[in-house]
Amino acid sequence: MDTQPRIRVMIVDDHAVVRSGLSAFLKAFGDLEMVGEASGGKEAVRLCDHLKPDVVLMDLVMPDMDGATATQMIRQRSPQIRVIALTSFREDDLVQGALRAGAIGYLLKNVSAEELAAAIRAAHAGRSTLAPEAAEDPIHAATHTPPPGNELTEREREVLSLIVEGLNNNQIAERLVVSRSTVKFHVSSILSKLGVASRTEAVATALQNHLV
């Protein structure tokens, strides 16, 4: 006989039809149990104090208290409660606010029952889940900077390749048939965009990141 305790879930959304749909999803899985629902952030915070769910499915846009604020208050009072943010469509500012407030991940509301269940199980185990529809998730955007060189123009890449060859500004100007002041401007821009202080560092960065 399976004695594994079920994961206790609370649903927070100001639309009754959404709460009903999510509840129906949960009933399809024997290891998940809905223990409560709230129509707003304030009610969610109050109910979490009493119900102590394992996982909260949190809407982000609600009239009385937004999901990020509610998430932060719930996590401050009960750090063991995991919160998954729910959005109707990709709203980066709202999602990032919820993640900063302590949400462990986010899903779009058109998620399938299987995806929802998997996300709840992952959250309960302390793992993050991000909506697969997002081209670049906000956690990645907030914690990973793009590799150096992404902002270089074609002309700057051309100048950089000549710097790597060992040419000085005068030689680059002759090769590209431009003025020395133009080359100096490009070199300054390249150093700034690569975040380096010298031509030697620019060459090293270019080679390390295969920019030329």
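Just so you know, all these numbers are worked out from the coordinates, no wet-lab data involved. The structure presented is a predicted model; accordingly, all values stated were derived computationally and were not measured. Ideal geometry is used to build each Cβ from the backbone, glycine not excepted, and the neighbour counts take in all protein chains shown.
Amide hydrogen proximity for L167: with H placed 1.01 Å from N in the peptide plane, no residue at 5 or more positions away or on another chain lies under 5 Å. The tail of the calculated P(r) for the stretch 1-44, taken as Cα-Cα distances beyond 13 Å, holds 55 percent of the pairs. For the residues L194, L51, L99, a GNM of the chain with alpha-carbon springs under 10 Å puts the largest fluctuation on L194.
The radius of gyration of the Cα set in the stretch 154-208, together with its Dmax, comes out at 10.1, 29 angstrom. Counting every alpha-carbon pair across the stretch 18-96, the share separated by more than 20 Å comes to 30%. For the pair S128 and V212, a Förster radius of 30 Å applied to the C-beta separation gives a FRET efficiency near 0.25, rounded to the nearest 0.05.
Under the shape rule built on the C-alpha gyration tensor, where the axes satisfy a ≥ b ≥ c, the chain is prolate, since a/c reaches at least 1.5 and a/b is greater than b/c. Mind jotting down the distance between the C-alpha centroids of the stretch 89-120 and the stretch 177-199, whole Å? For the stretch 177-199 versus the stretch 89-120, the Cα centre distance is 43 Å. The amide H of G105, built 1.01 Å from its N in the peptide plane, has A85, T129 as neighbours under 5 Å, considering only residues 5 or more places off or on other chains. Positive end of the dipole of the stretch 37-87 (Cβ unit charges, origin at the Cα centre): among Q76, A44, M65, the Cα lying farthest that way belongs to Q76. When the chain is treated as a GNM with alpha-carbon contacts under 10 Å, the residue of A70, A118, A173 showing the greatest mean-square fluctuation is A173. Distant-in-sequence amide contacts of M34, defined by a placed amide H-H separation under 5 Å and a gap of 5 or more residues or a different chain, comprise V9. In the chain, the longest principal axis of the Cα atoms and the axis of helix 41-51 are about 60 degrees apart. Relative to the longest principal axis of the Cα atoms of the chain, helix 154-165 runs at roughly 60 degrees. Between helix 92-101 and the chain, what is the angle of the helix's C-alpha long axis to the longest principal axis, kept within 0 to 90° and rounded to the nearest 10? Approximately 70 degrees, to the nearest ten.
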